[in-house]
Amino acid sequence: MPYPRIYPIHDHALTIEFSTLISEEVHRKVMQMKRVIEKNSFDGLVELVPAYTSLTVYFRPPASQIEVHAILQEQASNLKESDEEEVHRKIEIPVCYDPSLAVDLEIVMQSTGLDHDSIVRLHTENEFKVYMIGFMPGFAYMGTLPPALEIGRKKTPSLNIPSGSVAIAGKQTGIYPSTSPGGWNVIGRTPVRMFDPEQPPYSYLQAGDRVRFKAISLPDYESYL
């Protein structure tokens, strides 16, 4: 199947898919396409939503699906490898890895064979790229975890994961922006608010951001609250 592939997900949204394989290279194309559309906007454009391997374009009248498809087809066909360095924010997020907040830490230790300090070290010494925001408002999918930290999702999801919980699953790490059910393994918690519906741009993290986690003590965590 040739890429990029453009297809509708409803009457007022088209998705541009660059691959089915997740990689830094593919995501660079996604973000490059986003920048191209932003620089060459069209009447009716509502929102651009990047994901791991695709970009979804939301629009409204006067733009029609046929017109937008033609615009995107032309832009995607002319998309070339850019010499322009991808602009991204570097963000440090404090995380408390105390067992009282890291409810799945014991499971992660048993599954990976790592002790507490090794888990914290591996999670804090690596820089993670935000690939997309999804699942719920403000939930950032970040990667890529070092192989030693990879662990599958829980067989039985937790029903009540606290807001700010930092978790891992597969090759990804993420932060629950609000209290919710979830199947990722919680290894810590941050006091930083990940989603604020009253404060644009609402989500603390955005696709393309580079994140490093900084370990803090339980008293330091509580002092943020």
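The values are calculated or read from the model by the stated rules, or taken from the named source; none is laboratory data. Values in this document were obtained by computation on a predicted structure and should not be read as measured data. Here Cβ is always computed from backbone atoms with ideal geometry, including for glycine, and neighbour counts include all displayed protein chains.
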Checked the range 119-131 for anything surrounded by 18 or more Cβ atoms within 10 Å (Cβ to Cβ), of a type outside the set (V, I, T) and either at pLDDT below 95 or not in a strand (DSSP E or B) (or both); matches are H123
- Message: When you check P177 against the structure, is it touching a strand residue (DSSP E or B) at 6+ places or on another chain (Cβ under 7 Å), in a loop (DSSP other than H, G, I, E, B) and under 18 Å from T124 (Cβ atoms), yes or no?
- Response: no
The correct count of residues that are of a type outside the set (G, A, S), within 15 Å of R89 (Cβ to Cβ) and touching a residue at least 12 places away in the same chain (Cβ under 8 Å) in the range 199-212 is 7
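Table: residues versus (1) more than 17 Å from the chain's Cα centre (by Cα); (2) part of a helix (DSSP H, G or I); (3) at pLDDT below 95.
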{"site": "M1", "(1), (2), (3)": "yes, no, yes"}
{"site": "L14", "(1), (2), (3)": "yes, no, no"}
{"site": "L21", "(1), (2), (3)": "no, no, yes"}
{"site": "E25", "(1), (2), (3)": "no, yes, yes"}
{"site": "K29", "(1), (2), (3)": "no, yes, yes"}
{"site": "V36", "(1), (2), (3)": "yes, yes, yes"}
{"site": "S41", "(1), (2), (3)": "yes, no, yes"}
The residue that is farthest from I107 (Cα to Cα), considering only those in the range 134-174 that are part of a strand (DSSP E or B) and in contact with a Leu (Cβ under 7 Å, 6 or more places away or on another chain), is A140
Filtering the range 3-25 for residues that are closer than 24 Å to S64 by Cβ and without any contact (Cβ under 8 Å) to a residue 12 or more places away in the chain leaves a count of 2
In this structure, does A148 turn out to be surrounded by 17 or more Cβ atoms within 10 Å (Cβ to Cβ) and hydrophobic (A, V, I, L, M, F, W, C)? no
Next on the checklist: For the range 72-91, check the following and say yes or no: at least one residue is surrounded by 15 or more Cβ atoms within 10 Å (Cβ to Cβ), assigned to a helix (DSSP H, G or I) and modelled with pLDDT under 95.
Outcome noted: yes
Is it true that V57 is surrounded by 15 or more Cβ atoms within 10 Å (Cβ to Cβ) and not small (G, A, S)? yes
Among (1) of a type outside the set (G, A, S); (2) within 30 Å of F213 (Cα to Cα); (3) modelled with pLDDT of 95 or more; (4) part of a helix (DSSP H, G or I), E67 falls short only on (2)
| Any chance the range 214-223 includes a residue that's in a strand (DSSP E or B) and surrounded by 22 or more Cβ atoms within 10 Å (Cβ to Cβ)? | no
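Residue-wise test of (1) farther than 30 Å from L159 by Cβ; (2) within 17 Å of the chain's Cα centre (by Cα).
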residue	(1), (2)
S54	yes, yes
R60	yes, no
K80	yes, no
P94	no, no
T112	no, no
Those residues of the range 138-164 that are of a type outside the set (A, V, I, L, M, F, W, C), under 16 Å from the mean Cα position of the chain (by Cα) and modelled with pLDDT of 95 or more come to a total of 3
